[in-house]
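One structure below.
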Amino acid sequence: MIGMKKYVAAAAVVAALVGAPTVARASGSGGDPGTAPQAVAAAPAAPARTVSAAEVAHPATGVRVVKPGERVQAAPGVELWLTREGKHWSTPDVPDQFRSVVDGNIDLSRPGISLQAEPVDAAGTSTYFLSGLYYGTYDAARVEVVTADGTLAARMVTLPGHRKWGAWYATSPLPPSQGGTGGDSFLRSLRLYDARGELLVEHDLAF
């Protein structure tokens, strides 16, 4: 597991929002009042769709809004959930892990991001599970983790009410070596962007 020292690593991928379906309206031109109105073929109705809580609470971002304690399947064998106190997650090897947002170890007054990274072996698949907290801004919209193999797409979750923090997670193939500090040379940088695409904070992980 990697602590966020002078760095942190990240992956990015903001879950794309699905736009609300549009409904086609058929309209006919007005004719002679004395003539019978002509039938107009109606356009097929668009299928009904339920708008997700994420779209309602964060219409401009891909941040998913979850209820306190709602479990998210973050990777094979990995669950992640949020409470008012912080980020929780469980892996097959280490259940019930926790990072607090209320113990004074993070500064909610400025944008920041943290990282935990660990190998996960579940269902015959080995992956590198990356996750962390983002905080200090109501406008977070994208997290990127730059690795030796490229830039990862991270998903983001938060609690209802446009809270000033949330969690992010991503997966990667296992790095070639995990000796020493757990593969820091594989993780290059961690970036947090706002909804306008502006970089809020970046942590350099390369030595």
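The values are calculated or read from the model by the stated rules, or taken from the named source; none is laboratory data. These numbers come from a predicted model, not from an experiment. Positions of Cβ are backbone-derived with ideal geometry, glycine not excepted, and every protein chain shown enters the neighbour counts. Accessible surface is based on the protein model in full, side chains and every heavy atom, while ligands, DNA and RNA are left aside. Shrake-Rupley method; radii C 1.70, N 1.55, O 1.52, S 1.80 Å.
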When the residues of region 84-99 are narrowed to those that are in a loop (DSSP other than H, G, I, E, B) and without any contact (Cβ under 8 Å) to a residue 24 or more places away in the chain, which ends up nearest to THR137 (Cα to Cα)?
GLU85
Just give me the residues in region 149-185 being modelled with pLDDT of 90 or more, in contact with a Pro (Cβ under 9 Å, 6 or more places away or on another chain), of a type in the set (A, V, I, L, M, F, W, C) and open to solvent by 10 Å² or more (accessible area, probe 1.4 Å), in sequence order.
none
Within region 109-134, which residues are open to solvent by 20 Å² or more (accessible area, probe 1.4 Å) and touching a Ser or Thr at 6+ places or on another chain (Cβ under 9 Å)?
ARG110, PRO111, PRO119, ASP121, THR127
Suppose we filter ASP194, ASP107, ASP121, ASP149 for residues that are within 14 Å of the chain's Cα centre (by Cα) and of a type in the set (D, E, K, R); which single one remains?
ASP194
In region 82-96, what residues are open to solvent by less than 20 Å² (accessible area, probe 1.4 Å) and within 18 Å of TYR134 (Cα to Cα)?
LEU82, GLY86, LYS87, TRP89
Which one of these is part of a strand (DSSP E or B) and surrounded by fewer than 21 Cβ atoms within 10 Å (Cβ to Cβ): VAL102, VAL201?
VAL201
